[in-house]
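**Student:** One structure, as structure tokens, below. Some questions next.
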Amino acid sequence: MRSLYVQGQTAAEIAESVQAALHAGALQPGEALPAVRALALRLGVSPNTVAAAYARLRDAG
């Protein structure tokens, strides 16, 4: 599963894991992120937590 690079239980942790994957080359700029609900289910968190992480990433550019 391509979303294995995304980890965390809080919005900050999830956003940081995506940023780390970008820096490590595991994720390419512009590559689609996992769907909010699918990632929330895999991580065992609320979809709102994943949506907040994605909002952090969007706001950070």
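The values are calculated or read from the model by the stated rules, or taken from the named source; none is laboratory data. Because the structure is a prediction, the values reported are computed rather than measured. When we count neighbours, we look across all protein chains shown, and the Cβ atoms used for this are built from the backbone with ideal geometry, even at glycine. Only protein heavy atoms, including side chains, enter the accessible area calculation; ligands, DNA and RNA are left aside. Shrake-Rupley method; radii C 1.70, N 1.55, O 1.52, S 1.80 Å.
**Student:** Confirm whether Glu13 is open to solvent by 30 Å² or more (accessible area, probe 1.4 Å), without any contact (Cβ under 8 Å) to a residue 60 or more places away in the chain, charged (D, E, K, R) and part of a helix (DSSP H, G or I).
**Tutor:** Taking the combined requirement at face value, the residue satisfies it.
**Student:** For the stretch 36-51, name all the residues that are open to solvent by 40 Å² or more (accessible area, probe 1.4 Å) and either modelled with pLDDT under 95 or in a helix (DSSP H, G or I) (or both).
**Tutor:** Val36, Arg37, Ala38, Leu41, Arg42, Pro47, Asn48, Ala51
**Student:** With respect to Ala26, determine if the residue is exposed (fewer than 10 other Cβ atoms within 10 Å of the Cβ) and among the hydrophobic types (A, V, I, L, M, F, W, C).
**Tutor:** So Ala26 does not fit the description; no.
**Student:** Of the residues Val18, Val6, only one is open to solvent by less than 80 Å² (accessible area, probe 1.4 Å), out of contact with any Ser or Thr (no Cβ under 9 Å at 6 or more places or on another chain) and of a type in the set (Val, Ile, Thr); which?
**Tutor:** Being open to solvent by less than 80 Å² (accessible area, probe 1.4 Å), out of contact with any Ser or Thr (no Cβ under 9 Å at 6 or more places or on another chain) and of a type in the set (Val, Ile, Thr) holds for just one of Val18, Val6, which is Val18.
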